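Input: a single structure, listed below in structure tokens.
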Amino acid sequence: MNAVLKLSDLSPAQPATGSLEIERVSVELGSGAARFTALDDVSVSIRPGEFVCLLGPSGCGKSTLLGGLAGHLAPSSGCLLLDGQPIAGPGPERGLVFQHHTLFPWLTVLDNVAYGLRMRGVPRAERRAQALTWLAEVGLQGFENSYPNALSGGMQQRVEIARVLINQPRVLLMDEPFGALDALTRLKMQELLLALWAKRRMTVVFVTHDIDEALFMADRILVMSARPGRVVEEIRVPAERPRTAEWLTGPSFIEHKRHCLSLLRDSAPAMPLARLSPLSEPSGDAADATAYSD
Amino acid sequence: MSASDRPSAGRRLLPVLSLLACVALWHLVASRHLNLGLVTFQNVPQPLEVLDAAWALLQSPKLQYHLGSSLSRVLSGFVLAAVAGVALGLAIGRFRWVRETLMPPLEVARPIPAVAWIPLSILMFPSSEGSMIFITFVGALFPILLNTIHGVHGVDPRLIASARSLGTRRWGIFLRVILPAAAPSVLTGLSIGMGTCWFCLVTAEMISGQYGIGYYTWESYTVQNYANIIVGMLLIGLLGMGSSALLHRAGQALMPWYRPGGRA
């Protein structure tokens, strides 16, 4: 990374780790005649602690890129680096959140949150204490003994975020995490995530197809096009943080939104494409051939 | 549990009434020696004869030996089948090469009825106890195996991906994700397997020398003691029902998060 940092870069919570390098990455998915290029020669570099949104139409490969960063999909060519180290498979330093929660239904909320610590061999009492702290942080005190199925969609995503953040990841990867929530809940979750991020400053890569969401959350938006998946434009969001309703309704916001909308309109395929998953192609068998084995 | 789930007095009486109605119908057709041409009840013993026979068996010191032998055979066969079926099912469900290696012979063996295994099991096992356990094992193995495979295939790949992203290693994935996620399906398999175990008991105990409920039933047939046959049949039915209920309870206790047909 930068050998010389300018003084202005050194905000109090500027993290030292969490830089991502995406170098000329292509990903091909499917087999035989159905094989297609989901990502085509994508290069992006992300600073530690940056909040980046990948914005694009369904099927543009934004989730595929996220899957690559998470280590669930191996690129066909190019390389992915976290703090200079190649990414070779999934790991707790890169937390992954899906659109629908993946909490274990057989574990209580507390045990779900403490799961990562358990995998690291942290003693029980310590796990419990930390998990309770995290549940409080996401506003779920008193739900530690519930099972995930008893919670609402928004609460499930709160638990999911706590479960990922307890591992203190350098990078948080999110695949339309609030896409299935109602508008009000979504807004609350966006504010919660920004508050958590402001406090801890991990790098966030956030996939969305919602322009407002991207403009509200991101430092930088990468607009993607579909088939082949490419980054067509990079937009720096000029708004100060913490962001307020003023930004959301101001003329600069509207201007940016109009610009994004025209980009998306140009890049959208003639026919809507199936949504890609961070794990593999839209349907059919999991692509064992392209996925990393553990 | 909400108030509407709690059965009212009338609803709780219904199963009892249903059983009583069956017995009444049985009494009616057997006492009238009903002959319908295709099916005849002329030689069917009446409920009261069966009750007498049951009372006689209850007084007999042999009953505990019959019960003890049958229970230990069913339990041994079932436990062996559960261990083998779940272990094989997990491996077959998870790994393609295991599936491609093991499924062809298993598919050939699956349709073979328990009774057809009798000669071979006598040849293979030096003790008749061993061959009887083997036959109940064969009966229970396939439902457990197939339901386990089904359960493993049904595991959401995102759960596995999340577990790996949270730092779970290979064996942890089996133990902490695939096994619990497949558990409801495994329980269905175990419950069906327990049923088929009792189902195969008479077949297994055809080769028994003296004890066992299945042996008692089969022997009563060979000596034409028809009332005793029905006593044996009903005993097998009751024991099978009881063991299924126990399994169901165990499943509920082990999986408090799982409520079929509804959310927890």
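The values are calculated or read from the model by the stated rules, or taken from the named source; none is laboratory data. Not measured: the values here are computed from a predicted model. Here the Cβ positions follow ideal geometry from the backbone for every residue, glycine too, while neighbour counts run over all protein chains shown. Ligands, DNA and RNA are stripped out before the accessible areas are found, and what is left, the full protein with its side chains, is counted by its heavy atoms. Shrake-Rupley method; radii C 1.70, N 1.55, O 1.52, S 1.80 Å.
Could you give each residue of region B:221-234 its phi-based ³J(HN,Hα) in whole Hz, using Karplus coefficients 6.51, -1.76, 1.60 with θ = phi - 60°, and x for Gly or Pro?
Karplus-based 3J(HN,Hα) across region B:221-234 equals 5, 5, 9, 6, 9, 5, 4, 5, 4, 5, 4, x, 4, 5 Hz.
Rounded, prolate or oblate for region B:33-113? Axes are the square roots of the Cα gyration tensor eigenvalues, ordered a ≥ b ≥ c, and the cut-off for rounded is a/c under 1.5. Intermediate results must be reported in sequence, preceding the final value.
Details: a/c = 5.43, a/b = 1.88, b/c = 2.88.
Oblate, since a/c reaches 1.5 and b/c is not below a/b.
Run the quick spin-label model on A:ASP266 and A:ALA33: label points 7 Å from Cα toward the beta carbon, then report their separation in nm to one decimal.
Here the modelled spin labels are 3.5 nm apart.
Can you list the trypsin sites (Lys or Arg not before Pro) in region B:142-222 that are in a DSSP coil and have 16 or fewer other beta carbons within 10 angstrom? Don't skip to the answer; put the middle values down first.
Values: sites: B:ARG158, B:ARG164, B:ARG169, B:ARG170, B:ARG176; in loops: B:ARG169.
Those satisfying the criteria are B:ARG169.
Determine how large the accessible area of B:SER128 is when every protein chain is in place; take a 1.4 Å probe and give Å² rounded to the nearest 10.
60 Å²
What does the accessible area of A:GLU233 come to, in Å² to the nearest 10, when a probe of 1.4 Å is used?
A:GLU233 exposes around 60 Å² with every protein chain in place.
With every protein chain in place, what's the accessible area of A:VAL232 (1.4 Å probe, Å², nearest 10)?
The accessible area of A:VAL232 comes to roughly 70 Å².
Could you list the trypsin sites (Lys or Arg not before Pro) in region B:1-103 that lie in coil according to DSSP, counting only those with at most 14 other Cβ atoms within 10 Å of their Cβ? Show your work: numbers first, answer last.
Working: sites: B:ARG11, B:ARG12, B:ARG32, B:LYS62, B:ARG73, B:ARG94, B:ARG96, B:ARG99; in loops: B:ARG32.
For trypsin sites (Lys or Arg not before Pro) across region B:1-103 that sit outside H, G, I, E and B with at most 14 neighbouring Cβ atoms in 10 Å, the list reads B:ARG32.
Expressed in nm to one decimal, what extension gain is obtained for the pair B:PHE174 and B:SER128 from 0.36 nm per residue of sequence separation less their Cα-Cα distance? Mind showing how you got there, number by number?
Numbers: separation 46, 0.36 × 46 = 16.56 nm, distance 3.70 nm.
Here the answer is 12.9 nm.
Quote the FRET efficiency, to the nearest 0.05, computed for A:GLU23 versus B:VAL83 with a Förster distance R0 of 60 Å and r equal to the Cβ-Cβ distance. Present the calculation step by step, with values, prior to reporting the outcome.
Details: r = 50 Å, r/R0 = 0.83.
For R0 = 60 Å, the calculated efficiency reads 0.75.
Given a 1.4 angstrom probe, I'd like the percentage of the accessible area of chain B that is carbon and sulfur, rounded to a whole number. Write down the numbers at each step before the final one.
Values: 10250 of 15050 Å².
Here it works out to 68 percent.
Could you pull out which residues in region B:228-245 have an amide N less than 18 Å from a spot 7 Å beyond the Cα of B:LYS62, following the Cα-Cβ vector?
Hits in region B:228-245 for B:LYS62 at 18 Å: B:228-236.
Taking a ≥ b ≥ c as the square roots of the eigenvalues of the Cα gyration tensor of chain B, is the shape rounded (a/c under 1.5), prolate (a/b larger than b/c) or oblate? Could you put the intermediate results ahead of the total?
Numbers: a/c = 2.51, a/b = 1.50, b/c = 1.67.
In terms of gyration-tensor shape, oblate.
In nm, to one decimal, how far is the A:ARG275 label point from the B:GLN42 one, both placed 7 Å along Cα→Cβ?
The answer from the label model is 7.0 nm.
From the square roots a ≥ b ≥ c of the eigenvalues of the alpha-carbon gyration tensor of chain A, which class results: rounded (a/c under 1.5), prolate (a/b over b/c), or oblate?
On the way: a/c = 1.39, a/b = 1.18, b/c = 1.18.
In terms of gyration-tensor shape, rounded.
What list of ³J(HN,Hα) values in whole Hz, one per residue of region B:122-127 in order, does the Karplus curve 6.51 cos²θ - 1.76 cosθ + 1.60 (θ = phi - 60°) give from phi, with Gly and Pro shown as x?
5, 5, 7, 10, x, 9
For A:GLN168, project a label point 7 Å along Cα to C-beta. Then give me every residue of region A:83-110 with its amide nitrogen under 17 Å of that point.
Hits in region A:83-110 for A:GLN168 at 17 Å: A:92-95.
Could you tell me which trypsin sites (Lys or Arg not before Pro) in region A:70-178 are loop residues by DSSP with no more than 13 other beta carbons within 10 angstrom of their beta carbon? It would help to have the intermediate numbers written out before the result.
Details: sites: A:ARG94, A:ARG118, A:ARG120, A:ARG124, A:ARG127, A:ARG128, A:ARG158, A:ARG163, A:ARG170; in loops: A:ARG120, A:ARG170.
Counting only loop positions with at most 13 other Cβ atoms within 10 Å, the trypsin sites (Lys or Arg not before Pro) in region A:70-178 are A:ARG120.
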